[in-house]
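Some notes on the structure that comes next.
The values are calculated or read from the model by the stated rules, or taken from the named source; none is laboratory data. Just so we're clear, the structure is a prediction, and the values are computed from it rather than from any experiment. Glycine gets a Cβ as well: all are built from the backbone with ideal geometry, and neighbour counts include every protein chain shown.
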Amino acid sequence: MKLAALAIAGSLALAACASDETGSGGGSGSGASGGSEDGPKIGLAYDTGGRGDKSFNDSAYAGVEAAIEANGGEVQELSPNADASNRADLLTQLADDGYNPIIAVGFNYADVIGDVAEQYPDTQFAIVDGTGVDVGADNVTGLQFAANQGSFLGGVAAATKSETGNVGFVGGVQSPLIESFEAGFTAGAKAVKPDITVQVQYISPAGDFSGFNDPARGQIVAQGMYDAGADIVYAAAGGSGIGVFQAAAASGKRAIGVDSDQYETVGDPALQAVIMTSVLKRVDNAVEAYIGSFVDGSVQGGQDVVNDLSTEGVGLSYSGGFIDDIKSTIDDYTQQIVDGEITVPETPSN
Amino acid sequence: MTAVRKVGATLLAPVLAVAIALVISAVVMVAIGVDPFRALDVMVDFGDSPTQQVTAIVVVLNRAVPLFLAGLAVAVAFRMGLFNIGVEGQYRLATVLAAGAGAAISLPGPLHLVAIIVVAMLVGAVWAGIVAVLKVTRGVSEVISSIMLNFIALGLASFLLTGPLRGSEPGASIITTKDIPESGWFPSLNGLFDALGLANPPRQLYGFLLVAVLVGVVVAVLLKRTRFGFDLRATGLSASAASASGVDAKRMVITTMLISGAIAGLIGLPDLLGSDHNYGTEFTSGLGFLGIAVALLGRNNPVGIALAALLFAFLDRAAVPLQIAGIPSSVVTIIQGTIVLAVVIANEVARRIARRQAESGGAVAAPPAGDGSSPGPGSAPATGPALTNATGAAGRTDPTGSAQ
């Protein structure tokens with residue numbers, strides 16, 4: 001008994017340490033790259049999930065890469081520790097080492113970025129998914145996305161393609177950000193078929209970020225939805241989305257990816273076949289544009305840049321050709337949102 | 001002479017374990033193409049300017065305080081042979097309720113702080129108390145119930161945060177409780193740097209460090225110098241022998257878990273009172289599980305736990321400069337993981353060696369006999385040479401007499 005207990009505790013303790021492994025999964029590629037003398041020294045601080053999540057963080061890196069190609073410069077990437085308690089240290093270290101601009105990936109930096117930015121008034125900071133207004137410093141720019149608008153189109157595609165009149169939404173963590181995905185998806189699905197059933201489930205509650213990095217639980221939750229009659233499930237769950245795709249492949253159903261074009265990034269033909277489309281959040285474009293305006297000297301700070309359908313900051317991917325036939329429907333709804341005829345809710349209605 | 005041997009015996013296993021872990025880590029580093037000496041160089045480099053160096057020390061100390069408290073919470077239960085894996089849930093629930101209470105009440109400075117601390121300790125103790133009650137009344141293993149209660153605590157904390165205690169505006173990306181007013185902030189120790197003539201960095205050194213030290217001293221005295229501590233350690237060594245000598249096992253289980261939970265309730269407070277001033281969705285998680293590793297490494301001894309917490313904090317800090325130097329920060333994870341494994345193995349080996357010595361020495365070898373007679377085929381982390389030596393041979397041979 002005691003031995004078993006020790007084994008359990010040991011594995012828990014190791015798991016607590018080891019979660020950093022996934023956290024910095026792709027971090028082995030970190031280190032300064034690029035090398036032009038005159039370009040900006042870009043600091044890039046990831047949130048839990050880190051490089052190699054084939055989604056959000058990788059997209060930010062792609063944006064930096066593109067910006068370096070255009071403007072020269074170099075990048076230093078940093079990943080947080082397992083419990084991400086050192087977010088402030090990452091930003092401080094980058095600022096100390098003279099990196100400017102510094103881009104914090106993820107809204108979790110909202111709590112610390114104001115304090116750090118205040119200490120380094122000559123450095124420009126940007127926070128992806130966060131706000132640069134009212135953080136107590138005027139050198140922070142928020143890079144925001146109308147995730148609800150992109151998800152609305154995802155809902156439209158799901159409802160149009162669904163044969164059972166039953167679709168699902170798997171959220172990673174029940175945070176306000178992911179709830180806006182849910183709100184958009186549900187609204188989009190109901191706009192096409194008012195009587196459609198939308199199953200909604202989150203992998204972990206607010207405050208427990210394991211839901212963004214738990215494919216096993218993603219698979220269980222999605223399997224439950226497919227078993228309950230859903231034929232298309234939208235995975236707004238970061239790294240857990242892969243589990244949703246696996247459940248879709250096992251049930252012969254389909255799924256919708258998130259943030260980056262997961263049809264291209266999933267890297268497994270069996271899973272590729274189930275990814276009908278992905279709700280894109282062009283973090284890469286936003287990051288690239290931000291660095292571009294930094295190089296131009298037009299970065300202001302103390303404000304937010306909102307990327308929505310009108311700026312093509314969000315949208316759907318057409319890789320694989322699964323939704324080519326309904327493109328006109330998608331475009332139609334896109335136009336209505338851009339024109340303001342449809343207002344997409346930001347919070348779930350229930 | 002015996003004192004030196006005692007200290008030597010206590011330190012030998014963990015020091016050896018850390019050394020072995022470092023060797024294994026170095027081999028792994030070479031295998032992935034990293035120069036271990038350069039990595040070590042980066043890890044001990046605290047920066048060039050005095051401000052950077054002091055900041056680095058503050059970062060390490062601030063990280064070590066919650067780790068120390070977590071290790072202490074686990075160790076108190078360990079010493080009695082109880083496995084409190086529920087520290088994680090206990091501190092999360094305690095922190096959210098303490099944050100809520102701190103924001104709701106308004107008291108003059110020190111009283112406000114005391115009130116918050118008391119709430120946190122009470123919540124932690126009550127949550128751990130459930131485990132104890134289940135164990136003594138229904139015989140539920142504390143391992144199972146405390147793991148299960150972790151999930152309930154996390155869910156409950158999440159419900160409280162998003163529901164009744166929510167203080168952030170709707171739509172804000174991070175959900176937090178209301179901010180604790182300034183009278184409930186723990187003053188930082190940065191004045192100390194001025195007094196010592198050191199650079200005063202912008203980063204604040206948690207004043208809660210003092211509370212942690214105080215708790216450590218209290219626990220050490222409680223375990224070593226009181227009747228209760230003796231009963232606790234005796235029960236950990238042999239529950240049947242202890243109860244034969246008149247120790248009320250059920251009462252001991254409940255009291256120990258309450259103390260363990262009360263300490264667990266403090267884990268979140270350094271961050272809460274020192275820098276965040278509210279509990280939010282991004283609040284540091286996982287400290288309860290790290291506490292198990294820290295307690296193992298520190299051999300359940302308050303001083304050892306303090307050293308272990310500092311080591312873990314030092315390694316954590318190194319993760320950032322390692323990445324700057326182009327070395328994967330997973331190096332730190334590898335070192336921490338191998339240390340934990342090596343310590344578990346070293347403790348077990350040390351225990352077996354001690355037992356073999358005792359068996360071959362028979363009745364003649366007095367001090368080692370104390371080690372050898374430690375019965376627990378299993379209470380591995382709870383037993384150790386230090387513990388048994390401190391108990392004294394008299395306690396072993398004549399438990400009835402000394403327990404009265």
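Entry remark, region B:275-294: residues being in a helix (DSSP H, G or I), surrounded by fewer than 23 Cβ atoms within 10 Å (Cβ to Cβ) and not charged (D, E, K, R) number 1 in total.
For (1) in contact with a helix residue (DSSP H, G or I) (Cβ under 7 Å, 6 or more places away or on another chain); (2) modelled with pLDDT of 90 or more, each residue gets a yes or a no:
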| position | (1), (2) |
| --- | --- |
| A:V314 | yes, yes |
| A:D332 | no, yes |
| A:T347 | yes, no |
| A:N350 | no, no |
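Of the residues making up region B:336-355, not a single one is crowded, with 24+ Cβ neighbours inside 10 Å, assigned to a loop (DSSP other than H, G, I, E, B) and either within 13 Å of chain A (Cβ to nearest Cβ) or polar (S, T, N, Q) (or both).
Residue-level analysis places A:T347 among those that are loosely packed, with under 15 Cβ neighbours inside 10 Å and of a type in the set (S, T, Y).
Whenever a residue of region B:161-173 is more than 10 Å from every other protein chain (Cβ to nearest Cβ), its partners that are surrounded by 19 or more Cβ atoms within 10 Å (Cβ to Cβ), lying with C-beta atoms within less than 6 angstrom and at least six residues away or across chains, give the pairs B:L165/B:G100; B:L165/B:T177; B:G167/B:T176; B:G167/B:T177. Annotation: B:P181 fulfils all but one of (1) buried (at least 17 other Cβ atoms within 10 Å of the Cβ); (2) more than 10 Å from chain A (Cβ to nearest Cβ); the unmet one is (1). Scanning region B:251-272 finds no residues that are at the interface with chain A (Cβ under 8 Å from one of its Cβ atoms) and either at positive phi or not charged (D, E, K, R) (or both). Hey, could you check region B:124-162 for residues that are among the hydroxyl-bearing types (S, T, Y) and crowded, with 20+ Cβ neighbours inside 10 Å and say which is farthest from B:R251 (Cα to Cα)? Residue satisfying both the conditions and the ranking: B:S158. Please go through region A:98-123 and pick out each residue that is touching a helix residue (DSSP H, G or I) at 6+ places or on another chain (Cβ under 6 Å) and in a loop (DSSP other than H, G, I, E, B). Listed by number, the residues that qualify are A:P101, A:Y120, A:T123.
Could you tell me whether region B:75-83 includes any residue that is outside any helix (DSSP H, G or I), among the hydrophobic types (A, V, I, L, M, F, W, C) and within 10 Å of chain A (Cβ to nearest Cβ)?
yes
Applying the condition of being over 15 Å from A:Y318 (Cβ atoms) and either in contact with a Phe, Trp or Tyr (Cβ under 8 Å, 6 or more places away or on another chain) or not small (G, A, S) (or both) to region A:266-284 and asking which residue is modelled with the highest pLDDT yields A:V274.
Scanning region B:211-243 for residues being free of Cβ contacts under 8 Å to residues at least 12 places away in the same chain, out of contact with any helix residue (DSSP H, G or I) (no Cβ under 6 Å at 6 or more places or on another chain) and assigned to a helix (DSSP H, G or I) gives a total of 7. Counting only residues that are of a type in the set (S, T, Y) and farther than 28 Å from B:D276 by Cβ, region B:113-167 holds 3 of them. Selection of region A:120-138 for residues being surrounded by fewer than 23 Cβ atoms within 10 Å (Cβ to Cβ), in contact with an Asp or Glu (Cβ under 9 Å, 6 or more places away or on another chain) and either closer than 30 Å to A:A187 by Cα or not aliphatic (A, V, I, L, M) (or both) yields A:Y120, A:P121, A:T131, A:V133, A:G136. A search for C-beta distances below 7 Å between a residue of region A:170-188 that is away from every other protein chain (no Cβ under 13 Å) and any residue that is hydroxyl-bearing (S, T, Y) and not in a strand (DSSP E or B), counting only pairs 6+ apart in sequence or on different chains, returns A:G184/A:S151; A:F185/A:S151; A:G188/A:S151.
Can you find even one residue in region B:59-73 that is touching a residue at least 60 places away in the same chain (Cβ under 8 Å), under 15 Å from the mean Cα position of the chain (by Cα) and not in a helix (DSSP H, G or I)? Within region B:59-73 (the criterion being touching a residue at least 60 places away in the same chain (Cβ under 8 Å), under 15 Å from the mean Cα position of the chain (by Cα) and not in a helix (DSSP H, G or I)), the answer is no, since none of the residues qualifies. Can you confirm whether region A:151-168 contains a residue that is of a type in the set (F, W, Y) and within 14 Å of chain B (Cβ to nearest Cβ)? Checked against the condition, which is being of a type in the set (F, W, Y) and within 14 Å of chain B (Cβ to nearest Cβ), region A:151-168 yields no hits at all.
Residue-wise test of (1) in a helix (DSSP H, G or I); (2) surrounded by fewer than 22 Cβ atoms within 10 Å (Cβ to Cβ).
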| residue | (1), (2) |
| --- | --- |
| A:L280 | no, no |
| A:A286 | yes, no |
| A:A289 | yes, yes |
| A:G292 | yes, yes |
| A:V306 | no, yes |
| A:G315 | no, yes |
| A:Y318 | no, yes |
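Within region A:81-97, residues that are within 13 Å of A:D122 (Cα to Cα) reach partners that are in a loop (DSSP other than H, G, I, E, B) with beta carbons closer than 7 Å, at six or more positions or on different chains, in the pairs A:A95/A:Y120; A:A95/A:T123. Got a sec? Which of B:D194, B:D179, B:D248 is more than 16 Å from B:V76 (Cβ to Cβ), touching a residue at least 60 places away in the same chain (Cβ under 8 Å) and of a type in the set (D, E)? From the options B:D194, B:D179, B:D248, the qualifying one is B:D179.
Name the one entry in A:G98, A:G132, A:G114 that is at positive phi and more than 8 Å from every other protein chain (Cβ to nearest Cβ).
Details: A:G132 fails: at positive phi; A:G114 fails: at positive phi.
Matching residue, one of A:G98, A:G132, A:G114: A:G98.
Identify all residues within region A:249-275 that are aliphatic (A, V, I, L, M), over 18 Å from the mean Cα position of the chain (by Cα) and either assigned to a helix (DSSP H, G or I) or closer than 16 Å to A:L153 by Cβ (or both); write none if there are none. Correct list: A:A249, A:A250, A:A270, A:L271. Do we have B:A325 as crowded, with 23+ Cβ neighbours inside 10 Å and in contact (Cβ under 8 Å) with a residue 12 or more places away in the chain here? No. Quick check: is even one residue across region A:254-261 modelled with pLDDT of 90 or more and surrounded by fewer than 24 Cβ atoms within 10 Å (Cβ to Cβ)? Yes - at least one qualifying residue is present in region A:254-261.
Per this entry, B:V54 is not counted among residues that are exposed (fewer than 14 other Cβ atoms within 10 Å of the Cβ) and assigned to a helix (DSSP H, G or I).
Looking only at region B:135-149, filter to residues that are assigned to a helix (DSSP H, G or I) and touching a Phe, Trp or Tyr at 6+ places or on another chain (Cβ under 9 Å); which one of those is nearest to the other protein chains (Cβ to nearest Cβ)?
Quick first cut of region B:135-149, residues assigned to a helix (DSSP H, G or I) only: B:135-138, B:142-149.
From what's left, touching a Phe, Trp or Tyr at 6+ places or on another chain (Cβ under 9 Å): B:142-143, B:146, B:149.
On the way: B:E142: 9, B:V143: 4, B:S146: 10, B:L149: 14 Å.
So the residue we want is B:V143.
Identify the residue in region A:50-77 that is on the phi > 0 side of the Ramachandran plot and modelled with pLDDT of 85 or more and, among all such residues, is farthest from the other protein chains (Cβ to nearest Cβ). If we take residues in region A:50-77 being on the phi > 0 side of the Ramachandran plot and modelled with pLDDT of 85 or more, then A:G72 is farthest from the other protein chains (Cβ to nearest Cβ).
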